[in-house]
1. Do you know which residues across segment 144-155 are surrounded by fewer than 18 Cβ atoms within 10 Å (Cβ to Cβ) and either more than 13 Å from TYR194 (Cβ to Cβ) or of a type in the set (A, V, I, L, M, F, W, C) (or both)?
2. Name every residue in segment 41-54 that is surrounded by fewer than 19 Cβ atoms within 10 Å (Cβ to Cβ) and not in a loop (DSSP other than H, G, I, E, B), in order of residue number.
3. Mind counting the residues in segment 123-148 that are within 14 Å of ILE102 (Cα to Cα), in a loop (DSSP other than H, G, I, E, B) and of a type outside the set (S, T, N, Q)?
Amino acid sequence: MTLIFLIIYLFNCLSYNNLITGIELNQNDSYVAINKMTVTNIINCTTVDNGSNNITIEGTTKILNLYNSLIVRGVNYTQDVTPRGMVFVADGHAAYMGDYNIFHSITEDSFVNEVKGDGIYYNSDMLTDWQVSWEQDFHSYFLKNIDSLFVNHQGQDFHLSAGSEPINKGSSAYGFSFEHDSVLRDATPDIGCYEYNPGSSAEENYS
C-alpha cells in the first residue's frame, strides 16, 4: 500500500495573540485511513502570546520539523496559570525534529507537555531533559528574560531590537534567503521571522 506524503512549509510566519494556540497540527482520521502523512516544516517563524500553548502537534501521522524559530510565552497571557511553550498530544513527540530554536515560557519546566486522550497533562519537560531524552534541539536554548527581545512587545512590533538574543543564532542550513519583510538574510541568519535591520523605521520609531 502506497504511503502519500503531504508536505507543508510555513516560513517567516508570525503568529500572536490567538485564543487557543498559535500553530496547531491535528490528527485527521480520514487521512490515516487512506495512508496520508502530513509533514509540516516550520522555519524561521515567530509565535508570541498564543493561548495555552504556542505550538500543538497531535498524533504520530503528523510530522513537525521546527528550525530557526522563536517560541515566546509573553507577559500578556492571563488565561492559564501554567502556560506552555509546546504541547504534544498522545505520541506526537515521536514525530518531531527540530534545532536552532529559542524557547521562552513563564517557567522553564513548562517548555513542553504531553497530554493523555482525556486532556490531562501528565508530563512536563525542561529543555535540557528534552535534548537528552528525545535527541532534538541540541543547538536550541531556553530564554528566561525577554524584556529586550522585541522592538515593542506590548505594541505588537516583533522586530528584533538591537542586541536581541536571536540575532545571528540561526542556521543557514534550514532557513530561506529572505525574511518576513522581504529583507535578505545574511550568512548567519537570525532566529524568528525577522532579520535584524538596524536601519529599519520600526526600530527608530521605538528607540
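Derivation of every value follows stated rules applied to the coordinates shown; laboratory data play no part. Since we're looking at a predicted model, the values are computed, not measured. All Cβ positions, glycine included, derive from the backbone under ideal geometry; neighbour counts span all protein chains shown.
1. Kept after step one, since they are surrounded by fewer than 18 Cβ atoms within 10 Å (Cβ to Cβ), are these residues of segment 144-155: 144-145, 147-148, 152, 154-155.
LYS144, ASN145, ASP147, SER148, GLN154, GLY155 - these are the residues of segment 144-155 that are surrounded by fewer than 18 Cβ atoms within 10 Å (Cβ to Cβ) and either more than 13 Å from TYR194 (Cβ to Cβ) or of a type in the set (A, V, I, L, M, F, W, C) (or both).
2. Passing the criteria: only ASN41.
3. 7
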